[in-house]
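Below is one structure; the comments refer to it alone.
The values are calculated or read from the model by the stated rules, or taken from the named source; none is laboratory data. Bear in mind that the values here come from a model prediction, so they are computed numbers and not experimental data. With ideal geometry, Cβ positions are generated from the backbone for all residues, glycine too; neighbour counts draw on all protein chains shown. Side chains included, ligands, DNA and RNA excluded: accessible areas come from the protein's heavy atoms. Shrake-Rupley method; radii C 1.70, N 1.55, O 1.52, S 1.80 Å.
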Amino acid sequence: MAALSLFINAATLARPARQNARSTTGKIAHAACVPKCSSGKSEGLSRRSALAGVAMLTVAAPLLSVASPPAPATALPLGKKGGLDYAAVAKDISALMDADPDKGPTLVRLAWHSSGTYDKMSKTGGSGEGTIRFKEELAHGGNAGLNNAVDWMEPIHAKYASDDLSYADLYTLGGAVAIKNMGGPEIQFRAGRVDAMDPVKVTPDGRLPSADSGPKGVDKSDADHIRDIFYRMGFDDKEIVALSGAHALGRCHAEYSGYVGPWTGTPTTFSNAYYQLLLKAQWTYDDRHPNYQYKDASGTLMMLPTDLALVKDEAFLPYVQKYAKNKSEFYADFAAAFQKLEELGTSGLAPASYS
């Protein structure tokens, strides 16, 4: 079954013709455009971490067997980490969206996919190491088209690389900035992620949600699949439904996922319209497309089987009803769940202001 994330690519844009200055492979290859909308033992270290390790071996080798408690996180003054001003980074991200508003939903998807690989049992995956920039992870079916977003962010990373901006922090900040700029809630952002330097840290394909699970069309297997994916990361039913509300944004593209169309009539505006449409529109099978999807009466909007699972499942439905009626409650719950999502697989983060 093809993997499809909760956040689908909002625009198909040409990839810049230039060479990327990224670690290990040096270049990011195009992700295969397939019909989809073993983590290693070694650990990539930054140059700073490596030098710190050498110093410890030289000066305090007898102490290496003693585990020291981590230092408590402290707030980064004025949105800065050393010489890095996150408000300036956010301004450059906003400029991307000002030039092309359709990039906003894709930046949310990039942040989601860089975080949504987390597994709470093995403690692998998550946003902590920026592995989605590696061609090995971009080749995962659910990431089709995200090579574009990685390329959009490359000049911003290059601009602030000397100030120690990590790819991992950049991609997650991009999601927070995009949500706010599109009218959504402000996501609390904490910085300090350290990039992996080797694609051995890339997790196996298959950790992102699918659009349809089991028989074609919505059935119990779709709700079960959603829970399997999100429970693995540590989310509960309320958080699952809250995060699903980001489907107010963006659209599906046949060349990437095999599905076609937007969920709402305002795909670059964050709102609770997704829940209202789930409840009020009449959704019927759409036979115009190869993959099994649903259309509204106008034929212009779509829903996936896993979308409709939220109203078919007795435990999910009350949250859909609540968010359809109460926008402010949705925004509050979404902001908390999205911050949690972006911090999966991280440690030692510190608050950083970006507005």
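Computed quantities for the displayed model
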{"read-out": "Failed item in (1) among the β-branched types (Val, Ile, Thr); (2) within 18 Å of the chain's Cα centre (by Cα); (3) over 25 Å from residue 141 (Cβ atoms), with residue 266 passing the rest", "value": "(2)"}
{"read-out": "Selection count where residues are in contact with a strand residue (DSSP E or B) (Cβ under 7 Å, 6 or more places away or on another chain) and farther than 26 Å from residue 264 by Cα, scope region 208-245", "value": "1"}
{"read-out": "Some residue of region 346-353 being in contact with a Leu (Cβ under 8 Å, 6 or more places away or on another chain) and closer than 20 Å to residue 105 by Cβ", "value": "no"}
{"read-out": "Filter pass, residue 214 being more than 23 Å from residue 323 (Cβ to Cβ), in a loop (DSSP other than H, G, I, E, B) and open to solvent by 30 Å² or more (accessible area, probe 1.4 Å)", "value": "yes"}
{"read-out": "Spans of helices (runs of 4 or more DSSP H) in region 119-208 with at least 2 residues buried (at least 21 other Cβ atoms within 10 Å of the Cβ) and hydroxyl-bearing (Ser, Thr, Tyr)", "value": "167-181"}
